[in-house]
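The values are calculated or read from the model by the stated rules, or taken from the named source; none is laboratory data. None of these values were measured; they are calculated from a predicted model. Protein only, heavy atoms only, side chains kept; ligands, DNA and RNA dropped before computing areas. Shrake-Rupley method; radii C 1.70, N 1.55, O 1.52, S 1.80 Å.
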Amino acid sequence: MNLTPHLSPLTSREDTICALATPPGGALGIIRISGPQMLGILSHVFSKDLSTAQPNTIHYGHIVERDAVFPHQQVIDEVMVSIFRAPHSYTGEDSAEISCHGSHYILNKVLELLIQQGCRMANPGEYTMRAYLNGKMDLSQAEAVADLIASSNEATHQMAMSQLRGGISTELSRLRDQLLKLTSLLELELDFSDHEDLEFADRGKLFELAKNIDKYITKLAKSFETGQAIKQGIPVAIVGKTNVGKSTLLNALLKDDRAIVSNVHGTTRDTIEDTIDINGITFRFIDTAGIRQTSDQVEQIGIERTYAAIDKARIIIWMVDKEPSLEELNKMMLLSDSKKLIVVKNKIDKAESTPFTLVKIPLIEISAKHGTHLPDLEQAIYETADIPTLQQSDIIVTNARHYDALTRAHSHLQRVIDGLATSDSSLFTHHPSLPPDLLSEDLRLTLDTLSEITGGQITPNEVLGNIFKNFCVGK
């Protein structure tokens, strides 16, 4: 069976493609070429004939523009060209990388010459798509390439590297092998259905294995919440009354004058958001409008957005500069229900600062203005987030497509488990509550759904297009 999707002419693998693989503006730029005519096209624009170039070699020379009429050539740049031959390249095709100087003119001129000789500009993600289509990586690894490029801290880098190295692929392959063996035994049993006394698939082993696999699938699906928090940044809302120092705290954490600080009440009229990295995890801090009664319509809109920020936050920093009343305490406990709450007492540098007697929950005392105890607050925020220390071998689901497939696989497998469990004491007899054909069908659905993650099944064009459309050109 041909598992390769039908490609439109615009994405034909018969084309030789080129693109700038590095961001513009640097001292150097790299142009990638991939496809069956790579060597011939490159030889027309390079000062040396590369048609017999050996794989994994680097060649010094010049990119030249040749005159079609006169035996004259204009040197465009002094370059190094790296040659990779199929199948030992990123795309699995004959490929090359031209290392040029980073001049905007030079890079555009080299691309222009390559296109004149028969290349076309690559579509976003087309190099990685070709790598997938040529069997160099599965879909989950291809998606990890985009995550690796977008990684902004140690944790997101670790998760992307784990997936790129085939972490989730290896685990899913192990699960599929176990399910496939049992499915095969059930189908063999169906082939001998006229022999009622024969049972090739041990129902007890099937029941236990199905539960164990489902437990692991559920664990992977549950890791999606953590994965998304790390990938998107953990939202932290800084809330409290007006003029307690919320904006001063945000500026101190960011080490920048991001928010306006004033003694005038109600200065912050809208939410202000920015990110910082704490121990390799990105936190999205949201400075909110001070909560108070006001007749100012604009300020009231800001206060409404404060409540919206509280609703979306994973962690709430409740900032106070004097002991809150029991009513205020109860209200904040209600607002922060299901959230992680950190109580921060600010302005400890002030002479009028007094110990709290009412607030019994843990609190951190700081001076946002002078930066006193800010490292203690940062550590408390990190610990409150309760993010596990990640290794590159850890498997954390970060992709919504993978999460969807895992939840559907869980649903299919749950029907198998429920079907076996309803037989009560006859669970391990020759007459389960579900016949082998229905059990086999649900197991097949589980297998097919898990295969969607890595692209083991036929993958429609629209799915591939959706996966690769957000890739950068050149990757």
Query raised in the report: What whole number of Å gives the distance from the Cα centroid of segment 57-106 to the Cα centroid of segment 123-183?
Result: 31
Report summary line: Accessible-area order for ARG176, ARG165, ARG444, largest to smallest, probe 1.4 angstrom, reads ARG165, ARG444, ARG176
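Here are some pairs, LYS222/LYS339; LYS136/LYS475; LYS231/LYS312; LYS312/LYS347; LYS345/LYS369; which of them have Cα atoms lying more than 24 Å apart in this structure? Walk me through the numbers before you get to the answer.
Working: LYS222/LYS339 18 Å; LYS136/LYS475 14 Å; LYS231/LYS312 16 Å; LYS312/LYS347 27 Å; LYS345/LYS369 12 Å.
Going by Cα-Cα distance, LYS312/LYS347 fall outside the 24 Å limit.
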Query raised in the report: Once you sort the root eigenvalues of the Cα gyration tensor of segment 50-159 as a ≥ b ≥ c, which label holds: rounded (a/c under 1.5), prolate (a/b larger than b/c) or oblate (the other case)?
Result: prolate
Report summary line: When every protein chain stays in place and a 1.4 Å probe is rolled, LEU28, LEU111 sorted by accessible area with the largest first are LEU28, LEU111
Report summary line: Residue span MET80 to ASP256: 0.36 nm per residue of separation minus Cα-Cα distance leaves a gain in nm of 59.1 nm
